[in-house]
Amino acid sequence: MTPDSQKVCFGTLAFGQNYRALAGLLAADLAQYAPGIPLIILTDRPQDFRGMANLIIFPHRQRLFCDNDKVFLIKQALSTFNTCICIDADMRVLAPIPADLQWLPGITARSGDRLVKHHQRIITKTNPPRPNKVKDWEMTKKVADKLGLNAEDEAVKFIHEFLFVVTRNSGVENEFLDYFEKIAYFLEINGTQPGAGTAMGLAAAKAGLPVRWDEMEKIVFFDDRIERVRISKGQVDPQEKQIYFEQQKALKYPPKNWYQKVAGKVNGKLRDFNRSLLLKMVGLKNFDFYYR
């Protein structure tokens, strides 16, 4: 590992068989296209990645909804590295990544928006609005108010979680991570699950961590959601990335027999029950903040 690569790592979450398999493809891509940059994986089954090159594996049981556990991934990464490039496990890297990439202190996101604009777009996407999306926004405003923020302020951002970079910023990043975790717990304890982009945006605003957008042209990647938008706009040939769509579908949505379906539902409910107990324990430690 070169001195430069010791400053930067990739990071992803891999929970469940499907996402562990997808993370394996991502790991193979990075071994080919960024061999000097380690990939940190937080996963519920470390043995699935045994023998793969350039990986740093940490066992981790999911604590929060969906990708909010990226707060623990970033904490782990920045304890050793100066910069963590967070990338979803179901994405692919398609071309060599320069070893000399430089990132400014704070958060650099591939995509984002004003927090209020993002939530209003989600709310107005259906008519009538889905009640859970309205509640997401109401609880977002409530936790912002508790932190002395105005969720509708232009300075408060939403950070799309699929690809973003966090770089140390003289310790401000630690304050950001503490708020990120606290906000994520608040939202889920109060029955909402808006995802990591909301908690990160509020946390960055509260901590004073800079947030900026960057097209990240030097990271050539495949993300199925972005590719579908490009295809719908006639910007790319649908056949050009077909192999990646097929590989993702085979691993993300494999066929299951009735036993696998039932077992998956039962295991999912057990995981949710255990997470719920943990959330309640966290909430009781600061009852006024989480429940009043």
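Some notes on this structure:
- Residue satisfying all of: in region 222-240; in a helix (DSSP H, G or I) and open to solvent by 50 Å² or more (accessible area, probe 1.4 Å); nearest to Trp103 (Cα to Cα) among these: Arg225
- Hey, Lys75 open to solvent by 30 Å² or more (accessible area, probe 1.4 Å), free of Cβ contacts under 8 Å to residues at least 60 places away in the same chain and either of a type in the set (S, T, N, Q) or in a helix (DSSP H, G or I) (or both) or not: no
- Residue match in region 279-289 (condition: part of a helix (DSSP H, G or I) and of a type in the set (Gly, Ala, Ser)): yes
- Qualifying residue in region 204-223 (condition: under 28 Å from Leu26 (Cα atoms) and basic (Lys, Arg)): yes
- Screening Gln32 against (1) open to solvent by 50 Å² or more (accessible area, probe 1.4 Å); (2) in contact with a helix residue (DSSP H, G or I) (Cβ under 6 Å, 6 or more places away or on another chain) leaves a single unmet condition, (2).
The values are calculated or read from the model by the stated rules, or taken from the named source; none is laboratory data. Here the structure is a predicted model, which is why all the values come from computation and not from measurement. Note that we place each Cβ from the backbone using ideal geometry, even for glycine, and neighbour counts take in every protein chain shown. Heads up: the accessible areas ignore ligands, DNA and RNA and are worked out on the full protein's heavy atoms, side chains in. Shrake-Rupley method; radii C 1.70, N 1.55, O 1.52, S 1.80 Å.
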